[in-house]
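Okay, structure first, notes after.
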């Protein structure tokens, strides 16, 4: 099942509500943390808020939680404005970056407290719900331990369980795995998504890790300097980035972007000339859409995999080769700057080798002077 399909299924069966962020801005003195951001999240959908530090993603999450008030605009849950609604009166739960567990309470009692005072459940019902949630997170056997006797991953599971146990219609997660090691992050994000799917809650998941955002979100909202650059499915964000920022922020290695000047239906840059639509000032190509070979060698390809001549070609020198699992990232110094190429692990290219890079026209995208995507 695709991410979009999974999200649709959760929405149909779940209890989440629609979130509408309508022209929300937030200023702190002269600093504009959010600038007229508008987006909607469907019931049961998970949207990852992605961006670098200072992009406004955590500020937006805090506004949804009621911990900050917007300077302008409106926030609605299920069509109801949340303006003036206190945090404890919103049907939303939040997972913080740094656990925020009560150190003197056991894992079980941390959840029970949230259920008794946040949901008004009886003690017996709260304990039953808390035990069920800890079992879902595979830490039922740790219910009697206090936070000091839990590992970082176990403490974060308790914090996540505390948010999910309330069965809130909106779940807000603020970089919940930033302090965990890489393997544990992958394991835990799979569990979080599975639980959110099962509960049907609408969720906003803040992260600065683009791989995490692409794995977790049914859709990804990319923010930069308080502005929403693009919102779309992971495939849309990766294959058709709406702006130059999105192109160079998403991907590992990110998209190669080369600047040039448009003249007579071509973009002319340092070391390359490529057919381009009017208004183009830069051309972008993903590392996996480039190929390379030494000039004049039998392996040198003058055409793409389709047999047509490459629209984009540029020469350069191999500087660094990185092994990344089943692939290699090859970094080539060219007149247009350092370009990355993604190749299979069986492709051995030594540093210092002179190569030619090529890409088909179909694999290229173009940006205008404002950094926006152009139709090719």
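The values are calculated or read from the model by the stated rules, or taken from the named source; none is laboratory data. A quick note: this is a predicted structure, and the numbers were derived from the prediction, not measured. A quick note on method: Cβ atoms are made from the backbone with ideal geometry, for glycine too, and the neighbour counts reach across all protein chains shown.
Observations, loosely collected:
- The residue of the stretch 240-272 that is nearest to the chain's Cα centre (by Cα), among those that are within 22 Å of residue 327 (Cβ to Cβ) and assigned to a loop (DSSP other than H, G, I, E, B), is 250.
- Of all residues in the stretch 44-51, none are within 30 Å of residue 155 (Cα to Cα), under 24 Å from the mean Cα position of the chain (by Cα), at pLDDT 95 or above and assigned to a helix (DSSP H, G or I).
- Any chance residue 212 is part of a helix (DSSP H, G or I) and surrounded by fewer than 17 Cβ atoms within 10 Å (Cβ to Cβ): no
- In this structure, residue 93 qualifies as in a strand (DSSP E or B), at pLDDT below 95 and assigned by TED's automatic domain parsing to the domain that holds residue 163.
- Hits in the stretch 91-145 (condition: on the phi > 0 side of the Ramachandran plot and over 32 Å from the mean Cα position of the chain (by Cα)): 120
- Scanning the stretch 135-149 for residues that are assigned by TED's automatic domain parsing to the domain that holds residue 19, in contact with a helix residue (DSSP H, G or I) (Cβ under 7 Å, 6 or more places away or on another chain) and under 30 Å from residue 82 (Cβ atoms) turns up at least one hit.
- Sole exception among (1) assigned by TED's automatic domain parsing to the domain that holds residue 321; (2) in contact with a helix residue (DSSP H, G or I) (Cβ under 6 Å, 6 or more places away or on another chain) for residue 288, by number: (2)
- Selection from the stretch 86-95 of residues that are touching a helix residue (DSSP H, G or I) at 6+ places or on another chain (Cβ under 9 Å) and surrounded by fewer than 16 Cβ atoms within 10 Å (Cβ to Cβ): 87, 88
To keep it simple, each residue is scored yes or no on (1) crowded, with 22+ Cβ neighbours inside 10 Å; (2) out of contact with any strand residue (DSSP E or B) (no Cβ under 6 Å at 6 or more places or on another chain); (3) assigned to a strand (DSSP E or B); (4) at pLDDT 95 or above.
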{"residue": "4", "(1), (2), (3), (4)": "no, yes, no, no"}
{"residue": "7", "(1), (2), (3), (4)": "yes, yes, no, no"}
{"residue": "17", "(1), (2), (3), (4)": "yes, no, no, yes"}
{"residue": "22", "(1), (2), (3), (4)": "no, no, yes, yes"}
{"residue": "25", "(1), (2), (3), (4)": "no, no, yes, yes"}
{"residue": "35", "(1), (2), (3), (4)": "no, no, yes, yes"}
{"residue": "38", "(1), (2), (3), (4)": "no, no, yes, yes"}
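- Among the numbered conditions (1) in contact with a helix residue (DSSP H, G or I) (Cβ under 8 Å, 6 or more places away or on another chain); (2) in the same structural domain as residue 96 (by TED's automatic domain parsing); (3) in a strand (DSSP E or B), the only one that residue 231 does not meet is (1).
- Any hit, the stretch 330-353, residues being within 26 Å of the chain's Cα centre (by Cα) and on the phi > 0 side of the Ramachandran plot: no
- Residue check for residue 168: in a loop (DSSP other than H, G, I, E, B) and closer than 26 Å to residue 205 by Cβ: yes
- Any chance residue 237 is at pLDDT below 95 and either assigned to a loop (DSSP other than H, G, I, E, B) or touching a helix residue (DSSP H, G or I) at 6+ places or on another chain (Cβ under 7 Å) (or both): no
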